[in-house]
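S.K.: Structure provided below as structure tokens; questions to follow.
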Amino acid sequence: MKTTEKINIRFPQTLAEALRLQARKNTRGTLLAGGTDLMVQWASGTPPPARATSLWNLPELCEIEVRDDDILIGAGVTHAFLGEAKPIHRHLPALIAAAATVGAIQIQARGTLGGNAANASPAGDTAPALLITGGDVLLASLDGTREVPLDEFWTGYRQIAARPDEIILAFRLPKKGSAKERFRKIGARKAQAISKIMAASRIRVRSGRILSAAIALGSVAPTPIRLTQVEALLTGQALTPSLVAQAEKLAQTSVKPIADIRSSAEYRRWVAGRLVRDALENL
Amino acid sequence: MNKAVSQSGRLIGQGMVRVDADGKVRGLTRYLNDIDYTGMLHGVVVRSPVARGRFKALVPDPAFDWSSVVVATAEDIPGENVVHMHDRTMPLLAEVGGELLYRGEPVAVVAAKTIELATEAAAHLRVEVEELPPLLTLQDAIAIFKKTPVKFDSMQDQDIVKGDLAKGFAAADDIIEAEYWAGHQEQLYIENQGFTVFPLADGSILCEGSLQCPYFPVHELNDPLQLPPEKIRVRQTPVGGAFGGKEEYPTMLIGYAALPALKSGKPVKITYDRHEDILFTPKRHPVWVRYKTGVKKDGTLTALECDFILDGGAYLTISDVVMFRGILHCALAYRCDNLIIRGRVARTHSFPCGAFRGFGAPQAIWGMESHIDAIAARLGKPPHTYRRQLHVRPGDVTPTGQILSKENGSTACLDLALQHAKFAQKRRQASRGKLRKGQTKYYGIGLSFFAHGAAFTGDGEAKFKAKGRMELALLDDGKPGVNIRVSSTEMGQGVHTIFTQIASDALALDPARIRFPMADTGLVPNSGPTVASRTTMVVGNVVYRASQDLKDQMESFASQRYFRGAKTVLKNSQFAAKSRRPLSFAKVARDMLTEHGPVNGFFEFKLPPDAKWDQVTFKGDSYPGYSWSANIAEVEIDPLTCELAVTRVTAVLDVGRVINPILAAGQVEGGLTQALGYAIMEKMGTGQNGLYDASRLQTYIIPTSLDTPIYDVKFVEYPYSFAPPGGKGLGELPMDGLAPAIANAVESAIGKRLRTIPITPEDLFAALHPAQGDNTP
């Protein structure tokens, strides 16, 4: 309840300095960005680490770059800044909508996109919206930078594909182009809520036929997931009420959510399908 | 300050700016946790790790350095290990060898210079127990009640009987029976519980902290601390919300802090963080209520049988009084000549439940107002016409035999609410489980109608005799003025402001010359606890009458001293006699203080002499006055996700004379929001470990401003003429009846009745799609 532990926090001023700290075991610390997840965990029973490395305001992590086909978003960009970054809104509407549902204004001002991804909660608000872009995570270490597809980034409950010496540098997110995106979060209330379930989708339709479909859910599995079976069912098909019903059903049978304090397994499974229907009915 | 003062100088009925607004808005107000003292120790409570077990030993870790830590156990209690107001078997701290009856039951208090050290020391005290099987929840207790009633453990029984129930059922054409459930609710005041206790040289203690009832600890800790009332002084610090949560519990907290304080000779402060406050302070009682009602075809309610069972937790504490108020509100609002209401308090191995805004009435009204809709549906009558037919009005007789006076605006509330919300018209748009043309969501509208008895139950006020004093004094600016000396506490509800308004009007004195210092039992007479929707009605009357007494004394002094006995009147802050130049209040007050010494106006509250009450049979006048309200809730349910939104709430209230309409409307909107959470969000749950499932703000969900509906609040005034200025109860009424109005609206939206609150999307899903995997678009 009340913590008496002291944490040694380092505040590197450059990415290079941060990477050097993380490279060696005896200087490596838990990575601390906005602190909106870690501070809560440390205050409610998780023993805090002896060392932490602050990534807050590292200039190399705070940039957004709009390129021809994709957008690079620095891991240190806050949810609030995404809301301000109007030029990217039309390219990544689901992500922008998701970032706007994170906690409350105060949390959005501190919480970062990289932090939300690294925390690897199945209920992380931005994860499904990142997944549907089919983009990559850029991981940096002293050895250099490598790209990991978002589909392979969350490897298990609260586990990510980054090595201990790596820092999330940025996200490379393909623009949606002519596809339509949708994001919907079901929480226990309209603000300051952790999701019971949420869905993000990026679906491209031409002449009544689905050319491509990416649909992702949060809070229904140990990690945020893509509904690959549903996507396969939809791709290449004519968008008909019967296809919508099939997709809804398939979504419900293909997820295996659990019951917890926020919701029941039955409700989550049912809503998973309902949100797929919602995406398909709003194209 | 006081910009809203009207030209006439009359403040009652005006929206005067809060007298405490400046400090609170600018963050200058200092709460208990802002106030530390040199040499002060911080206390931490050590608790039972099991819901039930034999307390074998308390073992300190020999490896830990205990030299700078004070540990107080039951052995350090100077007197008898019981707290007065509570059940006599409730110990202040559990004793080794005895039985631990709930998870978190205090077994010791550890105090040290820092909260960190005290916390660490507490972690090095091992509580050895032999675990026993607990009965954790009301559900478990009710299962026993239904299956083997003799084994059901009730800590307090009380029945209300009127007429002949068998005759009533015999006369009925139809019988309607149903059960309703509600769970715990947390008060969630902004400021957590906390108290500092100072041991003084003369052996007495001074207690400073956040509470509603300054005199409770003065009279409740005499036995355990072996201190007479005059040696326990309680001083209120600014209270950051209470809602009943700081009614009975601060006594326990003072007891915990007093033990290490007396042992060490140093002041000890105990404050809870949010998690500890949610886990280990009293909640609203879970309820199971069963109604069996007989009706004639024309709607006459011929018989009503009601079992009302509260979950009291492990000790009775004040649950008997909560249950009494509950059963008195179970069938209060409707005509019925034959009834039996049976109240019980179940014992479970859980934290003792306690006071929370409404105090049993919300639980009773939740059941009754759901059930009245169910009866109306069975009769084929619209819920509003049925309520118009059946509701009580002046001249009708309550379940306890009280005849309602003309000062009950029951009909006015109901009619104005129906008219204002366009209930009949909007009800035709209700979806009843099928989207109408143009609707994308299920729409429903629901009504509730109810009363709240103001002030203590029965002859409580007659026995109590609330006292108050208006003190002529030099104020903080060195100039004369008047101090309001009553034990009512400001906890956000606005009592400091409205009593200033009342005193200003009664004295005919500028409100800027009136102060309402924090309650301090060393300085204020006992005007009673700040509870039971009694403050405006009872203590407001005491302030009004004591102000008149002071005014009389000052006028008489001025008449003799300056005007040769000519009739003198204090008006507009001046003393005037016919054809004389008026004298300022300041001049007269200074002279009077110099020549007379202390000057005080006094009053002691009495009930009308013809009020009758029998505490054994529960017959007579159950409350001095009644406030009334009708609530209308409109809801939308998304068929896609079963998400529920309450979109609009109309509330019409008769709270008697409205002293400050702005503060009153604020009280109502706040209470309705608390009731909204009770109805659709707030769910604590109890785990097998005996702890609440939701014990943090992360998991205990209350409404945010985005979740609140449009509120449309209106007052109708039927003042309580016996006690000017005529206010009745306001504080609890807004909490009482929104939950059933919402449940009735849900029924109107989806065509199904839900009988357990909170009503969540998961519950709506289960009701709408009983077959799992149901795929209806």
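S.K.: I need the full set of residues from segment A:184-213 which are under 16 Å from A:ALA100 (Cβ atoms), within 14 Å of another protein chain (Cβ to nearest Cβ) and in contact with a strand residue (DSSP E or B) (Cβ under 7 Å, 6 or more places away or on another chain), in order please.
M.R.: Of everything in segment A:184-213, those that are under 16 Å from A:ALA100 (Cβ atoms), within 14 Å of another protein chain (Cβ to nearest Cβ) and in contact with a strand residue (DSSP E or B) (Cβ under 7 Å, 6 or more places away or on another chain) turn out to be A:ARG184, A:LYS185, A:ILE186, A:GLY187, A:ALA193, A:ILE194, A:SER195, A:MET198, A:ALA199.
S.K.: Determine whether segment B:696-708 contains at least one residue that is within 12 Å of chain A (Cβ to nearest Cβ), open to solvent by 10 Å² or more (accessible area, probe 1.4 Å) and touching a His at 6+ places or on another chain (Cβ under 7 Å).
M.R.: yes
S.K.: Related question: Would you confirm whether any residue within segment B:730-745 is within 13 Å of chain A (Cβ to nearest Cβ) and either open to solvent by 10 Å² or more (accessible area, probe 1.4 Å) or modelled with pLDDT under 95 (or both)?
M.R.: So far as segment B:730-745 goes, no, none of its residues is within 13 Å of chain A (Cβ to nearest Cβ) and either open to solvent by 10 Å² or more (accessible area, probe 1.4 Å) or modelled with pLDDT under 95 (or both).
S.K.: From (1) surrounded by 21 or more Cβ atoms within 10 Å (Cβ to Cβ); (2) part of a loop (DSSP other than H, G, I, E, B); (3) touching a strand residue (DSSP E or B) at 6+ places or on another chain (Cβ under 9 Å); (4) within 14 Å of chain A (Cβ to nearest Cβ), pick out the condition that doesn't hold for B:THR673.
M.R.: (2)
S.K.: Pull out all pairs, ordered by first then second residue, where Cβ-Cβ is under 7 Å, the residues are six or more apart or on different chains, the first lies in segment B:183-199 and is among the acidic types (Asp, Glu), and the second is open to solvent by 30 Å² or more (accessible area, probe 1.4 Å).
M.R.: B:GLU191/B:TYR31
S.K.: Right, something else. Kindly state which helices (runs of 4 or more DSSP H) lie completely within segment B:384-483 and contain at least 3 residues that are modelled with pLDDT of 95 or more and either among the polar types (S, T, N, Q) or over 27 Å from the mean Cα position of the chain (by Cα) (or both).
M.R.: Output list reads B:410-420, B:423-427.
S.K.: For segment A:271-283, indicate whether the set of residues that are within 22 Å of B:LYS441 (Cβ to Cβ), open to solvent by 40 Å² or more (accessible area, probe 1.4 Å) and more than 11 Å from chain B (Cβ to nearest Cβ) is non-empty.
M.R.: yes
S.K.: Also, quick follow-up: Any residue at all in segment A:221-240 that is within 25 Å of the chain's Cα centre (by Cα), modelled with pLDDT of 95 or more and within 14 Å of chain B (Cβ to nearest Cβ)?
M.R.: No - not one qualifying residue is present in segment A:221-240.
S.K.: Another one. With the condition being out of contact with any Pro (no Cβ under 8 Å at 6 or more places or on another chain) and open to solvent by less than 30 Å² (accessible area, probe 1.4 Å), I'd like the strands (runs of 3 or more DSSP E) fully within segment A:158-230 carrying at least 2 qualifying residues.
M.R.: A:167-174, A:195-206, A:209-218
S.K.: Mind listing whichever residues of segment A:120-153 are over 13 Å from the mean Cα position of the chain (by Cα) and among the aliphatic types (A, V, I, L, M)?
M.R.: Answer for segment A:120-153, where residues must be over 13 Å from the mean Cα position of the chain (by Cα) and among the aliphatic types (A, V, I, L, M): A:LEU138, A:LEU139, A:ALA140, A:LEU142, A:VAL148.
S.K.: Exactly one of (1) open to solvent by 40 Å² or more (accessible area, probe 1.4 Å); (2) facing chain A (nearest Cβ under 10 Å) is unmet by B:ARG753. Its number?
M.R.: Tallying (1) open to solvent by 40 Å² or more (accessible area, probe 1.4 Å); (2) facing chain A (nearest Cβ under 10 Å), B:ARG753 fails exactly one: (2).
S.K.: Checking A:ILE160 against (1) in contact (Cβ under 8 Å) with a residue 40 or more places away in the chain; (2) assigned by TED's automatic domain parsing to the domain that holds A:GLN237; (3) within 18 Å of A:LEU130 (Cα to Cα), which test does it fail?
M.R.: (2)
S.K.: Residues to consider are A:LEU38, A:LEU92, A:LEU72; find the one that is farther than 26 Å from A:ILE215 by Cα and either in contact with a strand residue (DSSP E or B) (Cβ under 9 Å, 6 or more places away or on another chain) or open to solvent by 50 Å² or more (accessible area, probe 1.4 Å) (or both).
M.R.: Within the list A:LEU38, A:LEU92, A:LEU72, the selection yields A:LEU38.
The values are calculated or read from the model by the stated rules, or taken from the named source; none is laboratory data. Values in this document were obtained by computation on a predicted structure and should not be read as measured data. Glycine also receives a Cβ, built like all others from the backbone with ideal geometry; neighbour counts cover every protein chain displayed. With ligands, DNA and RNA removed, areas are computed over all heavy atoms of the protein, side chains included. Shrake-Rupley method; radii C 1.70, N 1.55, O 1.52, S 1.80 Å.
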